[in-house]
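Inspection log for the structure reproduced underneath, given as structure tokens.
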Amino acid sequence: MTDTTPDIATPPGEQPALLDAVRALLQPLARLAVARGLTHATVDEMLRAAFVEVAHAAYPQLLEHRRVSRISAATGINRREVTRLVEARQRQPEPARSYPSEIFARWSTHSEYLDHDGRPKALKRLGAAPSFETLAQSVTRDMHPRSLLEELIRLGLAEHDEGTDTVSLNRAAFVPKGDEARMVGFMGANLGDHFNAAVDNVLAVGHEHFEQAIYADGLSEPSLAQLRQLVTQHWQAMTNDLVPRIEKMIADDDAAGIGSTAGAGNRMRIGLFSYQVPVEPPAPPAREPVARKAAPRARRREGDTE
């Protein structure tokens, strides 16, 4: 089979900018790895596996033995290592769903579980809708509602009042506490999709993703606190508006036979983030040293007195 896959190289003029961008992305990755004890060897193995996975998908029309050779040439990784990494990739399990996260999202956005002010209701633990039992069963019947409630409480996302047997959502919890595995899972999923969107936009792969940001500096601490509150309010308003619409779209697609029940469908992630860090004031311009003229020494002439 003839290999007609074009080689894609970075134009020389863009190389410094690309290297700067990659360096900016690797710095926080290295910070996380060092803080959590991931060694360079571990991350290097994952990086090589990622190179092989992307190159493997880039040449689907090649016979397997030609494919391995082409991947090796494209990535600089030897053929034996490419074969090992391809086989390891095929044994990876599918990522598991996060039922507590889905319950948290539905409870905080679905009109059935919100009061007149748009805040999550305190729900009866058992009984007819709206109750925590029916909420949990609307997400999955593979796990008992009691087990899901215990997990939400453990993560700090919900509270159970045993006196009234009601369950309340802890809206102040944006991320699960005490569960680093789930927190880093969120981080990988969110940043991975964001990074993929940005790379698609740069490579102009045929479709664009929405990716915008607002940048501001020179903010005082009171202004920063006010801005953080505004960001939270805007996110909550957008979430409350979009989630019910998305759920209706999914239900309508399923009813029409064109949704997830009819095939794989499409997935979409919508996010908002804010990041703040102190900005060091610019250093004053360095002053060039002024050359001092040496004071002329008085010369003692013959005949001068002390």
Taking Lys and Arg as +1 and Asp and Glu as -1, residues besides residue 139 with C-beta under 10 Å from its C-beta add up to +1
Go through the range 46-61 residue by residue and turn each phi into a ³J(HN,Hα) via Karplus (6.51, -1.76, 1.60, θ = phi - 60°); whole Hz please, and just put x for glycine and proline.
5, 5, 5, 5, 5, 4, 5, 4, 5, 5, 4, 6, 7, 10, x, 7
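I'd like the carbon and sulfur percentage of the solvent accessible area for the range 117-257, probe radius 1.4 Å, heavy atoms only, ligands and nucleic acids excluded.
Its accessible area is 57 percent carbon and sulfur atoms.
Subtracting the Cα-Cα distance from 0.36 nm times the residue separation, let me have the gained length for residue 159 to residue 78 in nm, one decimal. Before the final figure, lay out the partial values.
Values: separation 81, 0.36 × 81 = 29.16 nm, distance 5.41 nm.
That works out to 23.7 nm of additional length.
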Would you pull out the residues with amide H under 5 Å of residue 114's amide H, same chain only if 5 or more places away, H placed 1.01 Å from N?
121
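By average Cβ neighbour count within 10 Å, what is the ranking of 226-233, 213-220 from highest down?
Numbers: 226-233: 12.1, 213-220: 7.6.
Order by mean packing, descending: 226-233, 213-220.
Suppose R0 equals 25 Å. What FRET efficiency, 1/(1 + (r/R0)^6) with r the Cβ-Cβ distance, do residue 31 and residue 217 give to the nearest 0.05?
Values: r = 22 Å, r/R0 = 0.88.
E(calc), rounded to 0.05, equals 0.70.
The values are calculated or read from the model by the stated rules, or taken from the named source; none is laboratory data. On a predicted model such as this, the values are computed, not experimentally measured, just so you know. Cβ: placed from backbone, ideal geometry, glycine included. Neighbour counts: every protein chain shown. Note: areas computed on protein heavy atoms with side chains; ligands, DNA, RNA excluded. Shrake-Rupley method; radii C 1.70, N 1.55, O 1.52, S 1.80 Å.
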